[in-house]
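J.: My questions all concern the structure below.
The values are calculated or read from the model by the stated rules, or taken from the named source; none is laboratory data. Quick caveat, the model's predicted, so the values are computed rather than measured. Quick reminder, even Gly has a Cβ in these numbers, built from the backbone with ideal geometry, and neighbours come from all protein chains shown. These area figures cover heavy atoms from the full protein model, side chains too; ligands, DNA and RNA do not enter into them. Shrake-Rupley method; radii C 1.70, N 1.55, O 1.52, S 1.80 Å.
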Amino acid sequence: MANQTILLDYWPSMFGMRARVALREKGVDFEYREEDLTNKSPLLLQSNPIHKKIPVLIHNGKPVCESLNVIQYVDEAWSDKTPFFPADPYGRAHARFWADYVDKKFSDAQFKIWGKKGEEQEAGKKEFIEAIKNLESELGDKPYFGGDSFGYVDISLITFYSWFGAYEKFGNFSIEAETPKLIAWCKRCMEKESVSKSLPDSEKIVAYAAEFRKNNL
Amino acid sequence: MADELVLLDFWLSPFAMRVRIALAEKGIEYESRGENVMNNSDLLLEMNPVIKQIPVLIHKSKPICESLIIVEYIDEVWKHKSAFLPCDPYQRAQARFWADFVEKKVYSLGRKMWDSTGEAQEAAKKELISCFKLLEVELGEKPYFGGESFGFVDLALIPSCCWSLWFEECGINMAGEFPKIFAWAERCMDRESVAKSVPDRHRVYAFLVELRKKLFAKH
């Protein structure tokens, strides 16, 4: 039942979007609850007392935190539906490596592009371009990072696509010019309902980032 | 066979220690190749071209990188004994959460405490203390973070105990302030897999002090 699965989330968060995509891929009925991060709900603070961050997936009363952890949990708890990981341990380790790369290198770099200016922003842009080139090289000619099927790495990365407009606008560059295959992969993923329903419109994200820059930079 | 499994290693690296412990827990033979972290070998660059760091486990010529990912891989390939992660999805999520917490907080703060001075070092120390407080609560009365058996979170955290003399020098009284973690560390060190994989803390302390002198002599 829907009230047994609750997602505490924040609409522009690419990390929150990962949880949305994972749940929709498995066809799970869930209740989406928007958090006001300036005034966090008691439920959020109680469910994630350590980091106090979204997303938090609350399944049958028990909280799961950290977005990559949520994706893995969803995969294991709803194991009867299409798996996010291959069966072989090496394939699984490989997928974990690349999702971890997205979280460490790619994520840090992208923030600098829209969240910083000047030298920091320039450095972020260089790191970002290196990261997307590495990712494109990893993708190769496969339809998805998971091979023939959409999987863990795809979910961990595709949610940032909603932010590409913001990176291009504030970083003043074209991602497609740098990594055309990666953009083709993004569009392929967006054809999936689980993805298109979970990512907000690019213009809304651009406006959100513009507001952030106005208030913080 | 040992020649199917190679670990690109560095004696001081807490991340490599995790892998050594994991392999020992499973009773697996392997060849350890010490890397000079100042001067990456050709094999390292070929096997981990993206991150260029040890540890790298090479199994049947295929590389696996990032210590906690390697530990999960070992757990999945050698399922016959000593499971590091529980079967239940929720318990697994909890274990991953705490291992991630240890990864993001304990090691980076420990490092910061070592390579900074003054206010920055004080701030790192305060934050590290609050992390240990949370871990002390999480451990509770359990013998291990994994419950009755040594597991994923224990593996993630135990290498930090070889920095204990450095922590003491910085004013963190592990035995006094975190008695449960202190007892847990002693319990882990009693395990053969840990005892043979974690270098002597005096040797580590001497090395860290020496390296720190060189680091600050440059500035």
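J.: So is residue B:119 open to solvent by 60 Å² or more (accessible area, probe 1.4 Å), more than 10 Å from chain A (Cβ to nearest Cβ) and touching a Leu at 6+ places or on another chain (Cβ under 6 Å) or not?
T.: Numbers: open to solvent by 60 Å² or more (accessible area, probe 1.4 Å): yes; more than 10 Å from chain A (Cβ to nearest Cβ): yes; touching a Leu at 6+ places or on another chain (Cβ under 6 Å): no.
Taking the combined requirement at face value, the residue does not satisfy it.
Yes/no per residue for (1) within 11 Å of chain A (Cβ to nearest Cβ); (2) buried (at least 20 other Cβ atoms within 10 Å of the Cβ); (3) hydroxyl-bearing (Ser, Thr, Tyr):
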| site | (1), (2), (3) |
| --- | --- |
| B:72 | yes, yes, no |
| B:79 | yes, no, no |
| B:91 | yes, no, no |
| B:94 | yes, yes, no |
| B:97 | yes, yes, no |
| B:115 | no, no, no |
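J.: Among the candidates A:196, A:149, A:162, single out the residue that is closer than 25 Å to residue A:96 by Cα, out of contact with any Phe, Trp or Tyr (no Cβ under 8 Å at 6 or more places or on another chain) and open to solvent by less than 50 Å² (accessible area, probe 1.4 Å). So that I can check it myself, show each step before the final result.
T.: On the way: A:196 fails: open to solvent by less than 50 Å² (accessible area, probe 1.4 Å); A:149 fails: open to solvent by less than 50 Å² (accessible area, probe 1.4 Å).
Among A:196, A:149, A:162, only A:162 is closer than 25 Å to residue A:96 by Cα, out of contact with any Phe, Trp or Tyr (no Cβ under 8 Å at 6 or more places or on another chain) and open to solvent by less than 50 Å² (accessible area, probe 1.4 Å).
J.: Mind listing whichever residues of region A:89-117 are without any contact (Cβ under 8 Å) to a residue 24 or more places away in the chain, more than 9 Å from every other protein chain (Cβ to nearest Cβ) and open to solvent by 50 Å² or more (accessible area, probe 1.4 Å)?
T.: Correct list: A:108, A:111, A:112.
J.: Please state which of the following conditions residue A:56 fails to meet, knowing it meets all the rest: (1) open to solvent by 20 Å² or more (accessible area, probe 1.4 Å); (2) touching a residue at least 40 places away in the same chain (Cβ under 8 Å).
T.: Condition not satisfied by residue A:56: (1).
J.: So, one more: Across region A:64-88, what is the number of residues that are polar (S, T, N, Q) and facing chain B (nearest Cβ under 10 Å)? Walk me through how you get there before you give the answer.
T.: Narrowing region A:64-88 to residues polar (S, T, N, Q): A:67, A:69, A:72, A:79, A:82.
Checking which are facing chain B (nearest Cβ under 10 Å) leaves us with A:69, A:72, A:79.
Qualifying residue count for the region: 3.
J.: Return yes or no: is residue B:141 surrounded by fewer than 14 Cβ atoms within 10 Å (Cβ to Cβ) and not in a helix (DSSP H, G or I)?
T.: yes
J.: Let me ask something else about it. Quickly run through region A:88-108 and pick out the residues that are hydrophobic (A, V, I, L, M, F, W, C) and at pLDDT 95 or above.
T.: Just the residues of region A:88-108 that are hydrophobic (A, V, I, L, M, F, W, C), to begin with: A:93, A:95, A:97-99, A:102, A:106.
Of everything in region A:88-108, those that are hydrophobic (A, V, I, L, M, F, W, C) and at pLDDT 95 or above turn out to be A:93, A:95, A:97, A:98, A:99, A:102.
J.: Can you name the number of the only condition in (1) surrounded by 18 or more Cβ atoms within 10 Å (Cβ to Cβ); (2) free of Cβ contacts under 8 Å to residues at least 24 places away in the same chain; (3) not in a helix (DSSP H, G or I) that residue A:183 fails?
T.: So the condition that residue A:183 fails would be (3).
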